[in-house]
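Novice: Pasting a structure below so you can have a look.
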Amino acid sequence: MGNGTSRLYSALAKTLNSSAASQHPEYLVAPDPEHLEPIDPKELLEECRAVLHTRPPRFQRDFVDLRADCPSSHHPPIRVMQWNILAQALGEGKDNFVQCPIEALKWEERKCLILEEILAYQPDILCLQEVDHYFDTFHPLLSRLGYQGTFFPKPWSPCLDVEHNNGPDGCALFFLQNRFKLVNSANIRLTAMTLKTNQVAIAQTLECKESSRQFCIAVTHLKARTGWERFRSAQGCDLLQNLQNITQGAKIPLIVCGDFNAEPTEEVYKHFASSSLNLNSAYKLLSADGQSEPPYTTWKIRTSGECRHTLDYIWYSKHALSVCSALDLLTEEQIGPNRLPSFNYPSDHLSLVCDFSFNEEP
Ligand SMILES: NC(=O)C1=CN([C@@H]2O[C@H](COP(=O)(O)OP(=O)(O)OC[C@H]3O[C@@H](n4cnc5c(N)ncnc54)[C@H](OP(=O)(O)O)[C@@H]3O)[C@@H](O)[C@H]2O)C=CC1
Ligand SMILES: [Mg+2]
């Protein structure tokens, strides 16, 4: 292997030993990214594909051009990926995906499927939920790809109930340092009816280095399960209030990514759709009338049966930003009868990817 590749292999190999990290939590301290050499995305993609050589080829997904809504801009669009990547401890120990063979969830390969998806679409900004391999995998590797990362774990993650877990899961936000400067960052523990809850969010104000335009990017993961609709609604209101303050009353354009664990019919969705922050949901633009969410963003089979839901969204300031394109979802045929996750796709949630551009100054 060439010098670069062997160096690279050491990068993957180092993260491949994450089981060691979970037995020695002191390794879970993020290595100082300054001392991590940059890696070439193409070489890392090759490494991932080498690890995945026994797997079926990845599914082809295409970007849908929405440029009719998108003013021409001499600045490159901002590509945002929203993705609940399925916590390893929950996938193996709690979620009970009864149609997914346990070997399809092997971390050494599943993490390469996750990285392959990120490298395939090369987002400028990554908004992730259920990250329970931040310090031993995503932070070191994405730092070496030029991202700056922030991680905010759930105060009491269900991962901690699973034997041989890798620590708590939480939300993570990554952005490319060569495109953006961090202006401010807030870790938000969401409340419901003034009570602190187990769900969190991260909100960061970034400044584009090429245009000096500022915007706020937020990531969240709301309480799951039926019966908790009012709870999610209260969490959503709390997040909106925080974002109202951070964006100075919507003066700063806003993008909010999340697994809201709520169908569009739920109250929390209606709060976001009618908020004074003037938000629109980007994936509605993929529908013929531009008014309907996709039929699913997550599709799994648990012991309780088959669950096909639309729970994941990318909200954006509809006056200040335009969606130039959005990544189409997997078809039912691609997902297959055993649904997700599978040997082909690493999570029970699909990634959502959009390209945004600023509308001209009003
Ligand atoms: N909240 C607290 O203060 C306390 C929490 N705990 C622990 O935390 C857990 C609750 O965690 P919290 O994050 O607040 O709860 P959530 O209800 O939000 O769910 C936690 C995780 O479980 C997944 N999930 C959703 N539906 C199911 C299902 N039907 N079967 C299996 N997994 C599912 C969710 O994935 P997805 O979002 O993709 O659907 C989510 O990642 C408890 O089960 C306990 O283990 C214990 C004591 C106190
Ligand atoms: Mg989950």
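The values are calculated or read from the model by the stated rules, or taken from the named source; none is laboratory data. None of these values were measured; they are calculated from a predicted model. Methodologically, a virtual Cβ is constructed for each residue, glycine included, from the backbone with ideal geometry; neighbour enumeration extends over all protein chains shown. For accessibility, only protein heavy atoms count, side chains too; no ligands or nucleic acids. Shrake-Rupley method; radii C 1.70, N 1.55, O 1.52, S 1.80 Å.
Novice: With a 10 Å cut-off between alpha carbons and a GNM built on the chain, which of PRO56, PRO123, PRO41 moves the most?
Specialist: Among PRO56, PRO123, PRO41, the largest GNM mean-square fluctuation belongs to PRO56.
Novice: For the stretch 283-362, what relative contact order do you get, as a whole percent, if you take Cα pairs closer than 8 Å and at least 6 residues apart? Show your work: numbers first, answer last.
Specialist: Details: 110 pairs, mean separation 25.0, N = 80.
Here the relative contact order equals 31 percent.
Novice: Spin-label point model (7 Å from Cα, Cβ direction): what's the ASN278 to LEU160 distance in nm?
Specialist: Inter-label distance under the simple model: 4.2 nm.
Novice: Now, a different point. Mind checking which lysines have their C-alpha under 22 Å from LYS196, skipping anything on the same chain fewer than 8 residues away?
Specialist: LYS154, LYS223
Novice: Tell me which residues come under 5 Å, amide H to amide H, from VAL200 once H is placed; ignore anything under 5 positions away on its chain.
Specialist: Here LEU190, HIS221 satisfy the definition.
Novice: Assuming a viscosity of 1.002 mPa s and a temperature of 20 °C, what translational diffusion coefficient in µm² per second does Stokes-Einstein assign to the chain, Rh being the Kirkwood radius over Cα pairs? Intermediate values should be presented prior to the final figure.
Specialist: On the way: Rh = 20.7 Å.
Roughly 103 µm²/s, to the nearest whole number.
Novice: Taking the Cβ-Cβ separation of LYS196 and GLU108 as r and a Förster radius of 35 Å, what is the calculated FRET efficiency to the nearest 0.05?
Specialist: Values: r = 36 Å, r/R0 = 1.04.
Taking R0 as 35 Å, the efficiency between LYS196 and GLU108 is 0.45.
Novice: May I pose another question? Students often check this: by mean Cβ neighbours within 10 Å, which of 305-315, 80-90, 325-335 ranks highest, and how do the rest follow?
Specialist: Values: 305-315: 18.6, 80-90: 26.1, 325-335: 16.5.
Highest to lowest by the protection proxy: 80-90, 305-315, 325-335.
Novice: Right, another one. Short version: ³J(HN,Hα) in whole Hz for each residue of the stretch 305-312, in order, from phi by Karplus 6.51 cos²θ - 1.76 cosθ + 1.60 (θ = phi - 60°), x for Gly and Pro, what are they?
Specialist: In residue order, the calculated couplings are x, 8, 10, 10, 9, 10, 10, 10 Hz.
Novice: What ranking, highest mean first, results for peptides 258-264, 243-249, 142-148 when packing means the other Cβ atoms within 10 Å averaged over each residue?
Specialist: Details: 258-264: 23.0, 243-249: 15.7, 142-148: 19.6.
Answer by packing, highest mean first, reads 258-264, 142-148, 243-249.
Novice: So what's the back-of-envelope 222 nm ellipticity for the chain, counting only DSSP H runs of four-plus at -39500 (n - 2.57) apiece and dividing by all residues, rounded to 500?
Specialist: Values: 9 runs with 87 residues, N = 362.
Roughly -7000 deg cm²/dmol at 222 nm, from the helical runs in the chain.
Novice: Full-extension gain between HIS75 and ARG308, please, as 0.36 nm times their residue separation minus the C-alpha to C-alpha distance. Let's see the in-between values first.
Specialist: Values: separation 233, 0.36 × 233 = 83.88 nm, distance 3.77 nm.
The span from HIS75 to ARG308 would gain 80.1 nm if fully extended.
Novice: Say the dipole of the chain comes from +1 at the beta carbon of Lys and Arg and -1 at that of Asp and Glu; which of GLN244, ASN84, ILE202 then lies farthest toward its positive end?
Specialist: The one lying farthest along the dipole's positive direction is GLN244.
Novice: While we're here: Considering Cα pairs under 8 angstrom that are at least six residues apart, work out the relative contact order of the chain and quote it in whole percent. Write down the numbers at each step before the final one.
Specialist: Details: 742 pairs, mean separation 77.6, N = 362.
The normalised contact order for the chain reaches 21 percent.
Novice: Let me ask another. Could you work out what % of the accessible surface of the chain is carbon and sulfur, using a 1.4 angstrom probe and leaving DNA, RNA and ligands out of the count?
Specialist: Working: 8050 of 15480 Å².
Using a 1.4 Å probe with all protein chains present, the chain comes out at 52 percent carbon and sulfur.
Novice: Skip the ligands, DNA and RNA, and give the accessible area per residue of the stretch 301-353 with a 1.4 Å probe, whole Å². Let's see the in-between values first.
Specialist: On the way: 1800 Å² over 53 residues.
Per-residue accessible area for the stretch 301-353 comes out at 34 Å².
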